[in-house]
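*Asks:* Mind looking over this structure? Questions follow.
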Amino acid sequence: MQGQFLIIGSAVVIALIIVIVILHFVKKAELKYYQNKVKNLEVQRNMVASTPVLVELSKVEPIIKNDKLEEKYNRWQEKFTDIKERRLTIIDDMLIDLDVFVEKRDYKSCGYRIAKAEIEIYKVREAAEHLLEEIKDITLSEEKYRAIVTKLKTKYRSLNKEFQDHREVFDFMQEAVEMQLENIERRFLDFEKVMEANEYTEVVHICKALDTMIDHIEIIITELPDVLLMANKVIPNRMKDVQSLYKEMTDQGYVLDYLNLDYNIEESKKNIDKIIDRAKLLDIEGSMFDLKTMLEYYDSLFVDYEKERLSRKLYEETIVDFKKRLDKTNELVQDVYNQLDDIKNLYDLNEDDISVIHEVNKILVVINDDYRKVVAKDEAKSTPYSMLNEEIEDLSNRLTTMEDDFDQALKSLGNMYDDEIRAREQLVEIQEFLKISKDQIREFSLPVITDSYFVQLSEANEAIAEVIKELEKKPIEIKVLNTRVDTARDLVLKLYNTTRDMVKTAQLAERAIVYGNRYRNKFEEVDKGLMDAEKAFYKGNYKESLDISIKVTSVVDEKIYRKLMSVYEK
């Protein structure tokens, strides 16, 4: 027991030691963390203090040659003194306080004060860097602006050479361009003067002015010759070509008023005058775009002219074909329309069939009227051929649609006529089948004809009579007629098949009995069976008679049925 207590006690002691050690290291790490934070803030503070503002200020002092620069120099010194003697001192005090709180392990207060110190250092650093940039803007001005002006001079010389090499293309604008080039040269001289006087605030404005003026003269030298060429030669020549072709085509009968050519030419001349007036002031902004737009318009007129030529050719071809189609359709529709009463007397037309024909006739009247209007426009020379062509194309499409509707109506009438002709042809065929059936009955004198056969014969005769009755009616009801024909055909074919089967069966039965008679004297069973067959035959039971005769005869002759069929087929 003592050993166990000793072990437990040792474990507790070791655990306490471990906890104490861990707490020690945690506190040590936390202390080191805040010490590093304070140290980092001190480094940032020192970096702000080491900003080379004094070095740059020392560069400004020798170049002060005017009141403005001196005023700036004094203001910069005041700002730097404020940063160094007041704002950095405040930061130093904050860092000293932080050291005290870290030593006391008051980490809760440390967090807030570190954040406040970071903000203050950030503000001071931004102020110092901004001050340094302002000073460098002066100390580096000469180098920076001379580099800018050197590039501008190079560009200017290139543009000036371009102008001098091609002076003639600038026409009456040579003097105005030269004056602008001289203005630029004067601005270069102004730059040298202000640089000599160290008036760097003015240098900025001169550089911007030079940049703007050179960009402008570049546009002038690059685009002005093209503007003058298009305004004075290209577009006026294009106007003449367009007007000449316009007159030529109007003399040939083309209607081109819709192009408003005279008005558009006058407006173009006004715009060209405005462009030239602005060019004299070296203002050509947007001029090239306006001139290109004018040129595109006049070029598009040639496309319109060609369209009119093609439209005229197509119209003259189409109008002839359309007239032929229209005359043919008028004749056909009028013919059907005139016979409509007779057709209604012949056939039982429904309201839809009649309304379609009436509607077609109305549409055709409108198409004829519109066609006459198109021809009148052509004769009056009041409408462009492109519009006439569109109108005749629309008429052609409408006529095609009307023809389709009319063809559908004619097809319906044609189907009625075809049904009537087919009914008459089928009546002849049906009557022929009935005649064949009657002839077969008369040709082979059967001892007995069943009542059911006479019923079928009567039904067939009545059905044929109904067909004849329908064909004689005025107007004919096609649907009823077709039903009557189908019924008559089915009944007559049924009678025909019944007659053929009955006659064939009777013939075979008779031949079977005749063939079996040769075996009556020798075979009592054959004689008895044939007597039963004969009784069935004379009662009209021909199939039963055939079955009995074949059955009894096949006892002595197995090939009896085949022999009977071969004789029948011959």
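*Asks:* Return the sequence-ordered ³J(HN,Hα) values of segment 89-101 in whole Hz as given by the Karplus equation 6.51 cos²θ - 1.76 cosθ + 1.60 applied to θ = phi - 60°, using x for Gly and Pro.
*Replies:* My calculation for segment 89-101 gives 4, 4, 5, 4, 4, 5, 5, 5, 4, 4, 4, 5, 5 Hz in order.
*Asks:* Determine which residues of segment 169-191 fall in the zone a paramagnetic label at His216 would reach in this model, i.e. backbone nitrogen under 19 Å from the point 7 Å along Cα→Cβ.
*Replies:* Once the point is set 7 Å along Cα→Cβ of His216, 173-191 turn out to lie under 19 Å by backbone N, inside segment 169-191.
*Asks:* What full-extension length gain, to one decimal in nm, is calculated for Glu390 and Ser554 as 0.36 nm per residue of separation minus the Cα-Cα distance? Show your work: numbers first, answer last.
*Replies:* Values: separation 164, 0.36 × 164 = 59.04 nm, distance 9.08 nm.
Taking 0.36 nm per residue and subtracting the Cα distance, the gain is 50.0 nm.
*Asks:* Can you pull the Rg over Rh of segment 185-260, Cα-only, Kirkwood? Walk me through the intermediate numbers first.
*Replies:* Values: Rg = 25.7 Å, Rh = 17.0 Å.
On the Cα set of segment 185-260, Rg over Rh gives 1.51.
*Asks:* Within segment 304-337, which residues have the backbone N less than 14 Å from the label spot 7 Å out from Asp404 along Cα→beta-carbon, could you tell me?
*Replies:* none
*Asks:* For a Förster distance of 22 Å, can you work out the FRET efficiency between the beta-carbons of Ile148 and Met179, rounded to the nearest 0.05?
*Replies:* On the way: r = 24 Å, r/R0 = 1.10.
The value I calculate is 0.35.
*Asks:* Just report the Cα centroid separation between segment 218-285 and segment 427-446, whole Å.
*Replies:* If you average the Cα positions of each part, the centres end up 99 Å apart.
*Asks:* How much length would be gained if the chain were fully extended between Asn397 and Leu493, taking 0.36 nm per residue of separation minus their Cα-Cα distance, in nm to one decimal?
*Replies:* Working: separation 96, 0.36 × 96 = 34.56 nm, distance 5.12 nm.
Extending this stretch completely gives an extra 29.4 nm.
*Asks:* Express in nm, to one decimal, how much length is gained between Glu192 and Asn74 on full extension, taking 0.36 nm for each residue of separation and deducting their alpha carbon distance.
*Replies:* Details: separation 118, 0.36 × 118 = 42.48 nm, distance 2.59 nm.
Between Glu192 and Asn74, full extension yields 39.9 nm more.
*Asks:* Okay, moving on. Using a simple spin-label model with points 7 Å from Cα along the Cα→Cβ vector, what separation in nm is obtained for Asp273 and Asn461?
*Replies:* Roughly 11.1 nm, to one decimal.
*Asks:* Based on the Cα coordinates of segment 144-285, what is the per residue volume of their convex hull in Å³? Display every interim value, and only then the final one.
*Replies:* Working: hull volume 16.8 nm³, N = 142.
Enclosed volume per residue, from the Cα hull, is 118 Å³.
*Asks:* Something else: Along the Cα→Cβ direction, 7 angstrom out, place labels at Glu248 and Gln164. What is the inter-label distance in nm?
*Replies:* Each label point lies 7 Å from its Cα, and together they span 4.8 nm.
*Asks:* Oh, and also: Given points 7 Å out from each Cα along the Cα-Cβ axis, report the Asp327 to Phe444 separation in nanometres with one decimal.
*Replies:* 6.8 nm
*Asks:* OK, next. Sort 218-225, 520-527 for me by packing, meaning the mean count of neighbouring Cβ atoms within 10 Å per residue, highest on top. Display every interim value, and only then the final one.
*Replies:* On the way: 218-225: 17.6, 520-527: 13.2.
Highest to lowest by the protection proxy: 218-225, 520-527.
*Asks:* Kindly flag which residue pairs out of Lys240/Lys274; Lys247/Lys307; Lys233/Lys270; Lys208/Lys270 have an alpha-carbon separation exceeding 26 Å in this structure.
*Replies:* Values: Lys240/Lys274 20 Å; Lys247/Lys307 16 Å; Lys233/Lys270 15 Å; Lys208/Lys270 36 Å.
From the list (Lys240/Lys274; Lys247/Lys307; Lys233/Lys270; Lys208/Lys270), the Cα-Cα distance tops 26 Å for Lys208/Lys270.
Quick note: the coordinates plus some simple rules give every number you see, no bench work behind them. Fair warning: this is a prediction, and the values are worked out from it, not measured in the lab. Cβ sites come from the backbone with ideal geometry, for glycine too, and all protein chains shown count toward neighbours.
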